[in-house]
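**Q** Please read through the structure below; I'll follow up with questions.
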Amino acid sequence: MNIKTIAFFFGFIIANFCYGQQEFRENFTLKLPVDSVRYYQQEVKKSPYFVKENTLQIYPGEHLFIEAEVKNGKLGSMKVVKKNVNPSKTIEIEFSQDVENRKHKGMMLQVSNPFDKNLLYDAMMYTVGKSQWVETSILPVKPKLIGFELWNDVIITLVLHDWRLQN
């Protein structure tokens, strides 16, 4: 084998190791009712769920399983997985819009906490009609329970970050 072939295979293995763990959402059309007449629509390109380390971007309609490593009582690396095969370390997240008669009623985020400590995270939202990210308050999710967050805004996407455990 020549040097180019070896370099190619070495690069392929490293890329597969580094990026193979990262799950990507596929292209889709996001369509959100605003009122009985208006809709917000956006083409969402194939993109990673984690926009940077432990910073998750989620869109309405997504239901994710996030495996998280816990080391010394702290959350370490997080990754999206297709199935919940490790329930003791998998956070389940669902973001949805409540619609009635083609009218927006509200948005809901459900986060399940598989850990023995409170699960905390921070959130920012990007809403219809605004041109900037806005911080929003989030309540801690108690151990082994599901937390619910509700908003009246039509939220295009949420960014959930600074994930941590608290006694």
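**Q** Of Arg25, Arg38, how do they rank once you tally other Cβ atoms within 10 Å and put the fewest first?
**A** Working: Arg25 17, Arg38 13.
Lowest to highest Cβ neighbour count: Arg38, Arg25.
**Q** Here is a further query. Normalised by the residues of the stretch 24-166, what does the relative contact order come to in percent, with Cα pairs under 8 Å and at least six apart? It would help to have the intermediate numbers written out before the result.
**A** Values: 342 pairs, mean separation 33.6, N = 143.
Relative contact order of the stretch 24-166: 23 percent.
**Q** May I ask for the equivalent-ellipsoid semi-axes of the chain, computed as the square root of five times each C-alpha gyration tensor eigenvalue and listed largest first in whole Å?
**A** Working: eigenvalues 199, 108, 33 Å².
Listed largest to smallest, the semi-axes of the chain are 32, 23, 13 Å.
**Q** Compute, for the chain, the length of the dipole vector about the Cα centre, with Cβ point charges of +1 (Lys, Arg) and -1 (Asp, Glu) only. Units Debye, rounded to 20. Please list the in-between numbers first.
**A** On the way: 21 positive and 18 negative charges, 67 e Å.
So the magnitude is around 320 debye.
**Q** Highest first, please rank the peptides 81-88, 111-118 by the mean number of other Cβ atoms sitting within 10 Å of their residues. Before the final figure, lay out each step's value.
**A** Numbers: 81-88: 10.4, 111-118: 18.2.
Top of the packing list down: 111-118, 81-88.
**Q** How about the stretch 59-167: which GluC sites (Glu not before Pro) there are in a DSSP loop, with at most 12 other Cβ atoms within 10 Å of their Cβ?
**A** none
**Q** Among Ile58, Ile146, Ile156, whose Cα projects farthest towards the positive end of the dipole of the chain, with charges put on the beta-carbon of Lys, Arg (+1) and Asp, Glu (-1)?
**A** Final value for the positive-end residue is Ile58.
**Q** How tilted is helix 3-20 with respect to the longest principal axis of the chain? Cα atoms for both, answer in degrees (0 to 90, nearest 10).
**A** 30
**Q** May I have the pair-distance distribution P(r) for the stretch 99-167, computed from all Cα-Cα distances with 10 Å bins from 0 and rounded to whole percent?
**A** Reading upward from the zero bin: 19, 45, 27, 8, 0.
**Q** Rounded to the nearest 500 deg cm²/dmol, what is the calculated helix-only ellipticity per residue at 222 nm for the chain, with -39500 (n - 2.57) per DSSP H run of length n ≥ 4?
**A** Values: 1 runs with 18 residues, N = 167.
Roughly -3500 deg cm²/dmol at 222 nm, from the helical runs in the chain.
**Q** Now, a different point. Mind telling me which of Ser77, Ser131, Ser47 comes out most flexible in a GNM of the chain, alpha-carbon contacts under 10 Å?
**A** Sorting by GNM fluctuation, first place goes to Ser131.
**Q** Around Val111, under 9 Å between beta carbons, what's the net of Lys plus Arg minus Asp minus Glu among the other residues?
**A** Values: positive: none; negative: Glu92, Glu94, Glu149.
Residues close to Val111 contribute a combined charge of -3.
**Q** What translational D, rounded to a whole number of µm²/s, comes out for the stretch 127-167 from Stokes-Einstein when the hydrodynamic radius is the Kirkwood one over Cα pairs, at 20 °C and 1.002 mPa s? Mind dumping the intermediate values first?
**A** Values: Rh = 12.5 Å.
The estimated diffusion coefficient comes to 171 µm²/s.
Read the figures in this text as sums done on the coordinates, not as results from a lab. The structure presented is a predicted model; accordingly, all values stated were derived computationally and were not measured. Every residue, glycine as well, gets a Cβ built from its backbone with ideal geometry; the counts of neighbours run over all protein chains shown.
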